[in-house]
Amino acid sequence: MRRMEVVLTRKLALPPTASVLDAGCGVGDTARTVARTGGVHVTGIDGIESDIAIARQRSARAGEPGSHTGFLLADYHALPFTDASFDGVYTMESFVHSPDPPQGLAEFFRVLRPGGKLVMFEYSSTPQDQLTPPARTALLRVCELSGMPGMLTLIHGQLERLLQQTGFAVESTYDATAKILPMLRAFSVLGRLPYALARSLGRGDRLVNAMSGVEMYRHQDAWRYTIYVATKP
Ligand SMILES: C[S@@+](CC[C@H](N)C(=O)[O-])C[C@H]1O[C@@H](n2cnc3c(N)ncnc32)[C@H](O)[C@@H]1O
């Protein structure tokens, strides 16, 4: 995961004084790596208040100067920033949660300055009519229980089309599925026993992360993982 964050910093390719938005920052680990390795200022926003509190605590504990990371409770579909206020925007596995991807992309476009860079590390899904019934059932369960409506609507190729429709120039799309398989295998191995136990008690759906790790590793035909790099002309 840390290596992916360094790749993300490289893909942003921004100068040290740049100001960057992390849309869906969680507890801020990615934001801290990007700020540290790129020398940029990262503003992380997330819709979960407790994650924002943890992100602030961890940055303070890590001795991150306040000028390098800042965190704010906000929804990426309605960003509390003026137009053209960032040099870069990125998402790290947060856009799959969007119920309205065009609105999210419109907001990223709005807050980027002309020439600004958008980098997205995101899952997409295989059209459901191309999946076997067990793979389709697993995909639907994972997306429903993990709150990922965007993963279902963002079938392969769709995010690239939406980026273009929003006005972005798509510089590259890189299929990184094979690169993240070792990480997913680790999730799957860690989750196998708790998930099996929970299932034997009829409560498999309660352990969402364990269930997702096991089912998505089992049904690798149901998803892909892509890195998108785009610019606002
Ligand atoms: C899988 S986590 C990834 C967190 C972080 N990017 C990372 O890689 O560690 C997805 C995050 O996106 C956030 N999120 C989902 N929808 C959001 C929205 N509309 N606005 C802001 N944050 C959102 C969630 O609260 C969650 O913290």
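Conditions (1) modelled with pLDDT of 90 or more; (2) among the polar types (S, T, N, Q); (3) surrounded by 20 or more Cβ atoms within 10 Å (Cβ to Cβ), marked per residue:
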residue: Arg141; (1), (2), (3): yes, no, no
residue: Leu154; (1), (2), (3): yes, no, yes
residue: Leu181; (1), (2), (3): yes, no, no
residue: Ala210; (1), (2), (3): no, no, yes
residue: Gly213; (1), (2), (3): yes, no, yes
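Would it be correct to say that Arg3 is over 14 Å from the mean Cα position of the chain (by Cα), farther than 19 Å from Gly116 by Cβ, within 14 Å of the ligand (Cβ to nearest atom) and not hydrophobic (A, V, I, L, M, F, W, C)? Spelling it out, Arg3 is indeed over 14 Å from the mean Cα position of the chain (by Cα), farther than 19 Å from Gly116 by Cβ, within 14 Å of the ligand (Cβ to nearest atom) and not hydrophobic (A, V, I, L, M, F, W, C). The selection criterion, being within 23 Å of Arg36 (Cα to Cα), surrounded by fewer than 17 Cβ atoms within 10 Å (Cβ to Cβ), away from the ligand (no atom under 15 Å from the Cβ) and at pLDDT 95 or above, holds for Arg113. Scanning region 171-189 for residues that are free of Cβ contacts under 8 Å to residues at least 40 places away in the same chain and among the small types (Gly, Ala, Ser) yields Ala178, Ala186, Ser188.
For Asp87, the requirement of being within 24 Å of Pro114 (Cβ to Cβ), within 13 Å of the ligand (Cβ to nearest atom) and acidic (Asp, Glu) is not met. Across region 57-106, the number of residues qualifying as open to solvent by less than 20 Å² (accessible area, probe 1.4 Å) and in a helix (DSSP H, G or I) comes to 6. Pairs meeting the criteria (first residue in region 190-201 and within 15 Å of Met216 (Cα to Cα), second residue open to solvent by 50 Å² or more (accessible area, probe 1.4 Å) and of a type outside the set (Lys, Arg), beta carbons under 7 Å, at least 6 apart or on different chains) are Gly191/Asn209; Tyr195/Leu207.
Of the set (1) open to solvent by 40 Å² or more (accessible area, probe 1.4 Å); (2) in contact (Cβ under 8 Å) with a residue 60 or more places away in the chain, all apply to Arg36 but (2). The residues on offer are His77, His97, and the sole one that is within 9 Å of the ligand (Cβ to nearest atom) and over 23 Å from Thr177 (Cβ atoms) is His77. When the criteria are applied in full, Leu197 meets the requirement of being open to solvent by 50 Å² or more (accessible area, probe 1.4 Å) and not in a strand (DSSP E or B).
Yes/no matrix, rows are residues, columns are (1) in contact with a Cys (Cβ under 7 Å, 6 or more places away or on another chain); (2) modelled with pLDDT under 95:
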residue	(1), (2)
Arg2	no, yes
Lys11	no, no
Cys25	no, no
Ala55	yes, no
Ala62	no, yes
Asp75	no, no
Val96	no, no
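From the list Gly28, Gly44, the one residue that fits, being crowded, with 21+ Cβ neighbours inside 10 Å, of a type outside the set (Lys, Arg), within 9 Å of the ligand (Cβ to nearest atom) and over 24 Å from Ser124 (Cβ atoms), is Gly28. Sub-6 Å Cβ pairs linking a first residue in region 68-86 that is small (Gly, Ala, Ser) to a second residue that is open to solvent by less than 30 Å² (accessible area, probe 1.4 Å), at least 6 apart or interchain, are Gly70/Thr43; Ala74/Ile45; Ser85/Val111, ordered by first then second residue. Note on region 6-22: residues that are within 16 Å of the ligand (Cβ to nearest atom) and in contact with a helix residue (DSSP H, G or I) (Cβ under 7 Å, 6 or more places away or on another chain) amount to 7.
The values are calculated or read from the model by the stated rules, or taken from the named source; none is laboratory data. Bear in mind that the values here come from a model prediction, so they are computed numbers and not experimental data. Here the Cβ is made from the backbone with ideal geometry for all residues, glycine too, and neighbour counts use every protein chain on show. The accessibility values were calculated without ligands, DNA or RNA, using every heavy atom of the protein model including side chains. Shrake-Rupley method; radii C 1.70, N 1.55, O 1.52, S 1.80 Å.
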